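Remarks on the structure that follows.
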Amino acid sequence: MFEATTILGYKADGVAVIGGDGQVTFGNTVLKGNATKIRTLYNGKILAGFAGSTADAFNLFDMFEKILENKKGNLLKSVIEFSKEWRKDRYLRRLEAMMIVLNTKHIFILSGTGDVVEPEDGKIAAIGSGGNFALSAARALERHAKLDPKSLVEESLKIAAELCIYTNENIKILTLEDK
């Protein structure tokens, strides 16, 4: 687990949402409280979030977006190709990094060891130091509250921020909807 951030992805009923907090830490020091760790890719059709070094995030996002372009936006084919490339690159495979990528059909967790994981429920994925808190909150809210997907992600991240010292309440959220 990374002591750096919390990213939560959720998809349901033709809507995909990703959210992340804004805290950047170095050891026990908060360096920045309003970082953006999520973005849209492939002309706004894919959402992505990153836990790990910020400099590495930009390289990985660029690499993934190039693969998305080559695969014409096919997320499933892109994550498999990306995983192969991430594993083969001597520099990149040493990164202790993770990404969540999703659209309204698929959600995946990608790791520097080449893992491509589709969550068991196919709907909720979380990474980072507060990831398990956000994941637990999202599952509970999904079962017991009637929240729209964006509100579910936001409330789950707020709960994670209350519990994880590496997560703050400066939350950013991106949403995609089937049209």
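What follows is calculated from the coordinates using simple rules that are stated; it is not laboratory data. Predicted, not measured: the structure shown is a model, and the values here were computed from it. Cβ placement follows ideal geometry from the backbone for every residue including glycine, while neighbour counts extend to all protein chains displayed.
Descriptive notes on the structure:
- The equivalent ellipsoid of region 1-116 has semi-axes of 22, 18, 11 Å, largest first, where each one is the square root of 5 times an eigenvalue of the Cα gyration tensor.
- Taking other Cβ atoms within 10 Å as a rough exposure proxy, M99, M63 sort from fewest to most as M63, M99.
- For the chain: relative contact order, % (alpha-carbon pairs under 8 angstrom, 6 or more apart): 33
- Put in order of Cβ neighbour count within 10 Å, fewest first, the listed residues Y10, Y42 become Y42, Y10.
- Order of L60, L76, L8, L135 - criterion: other Cβ atoms within 10 Å of each residue's Cβ, fewest first: L76, L135, L60, L8
- Long-range lysine pairs (8 or more apart or interchain), region 53-179, Cα under 21 Å: 26
- K77-S151 FRET efficiency (beta carbon distance; Förster radius 41 Å; 0.05 resolution): 0.80
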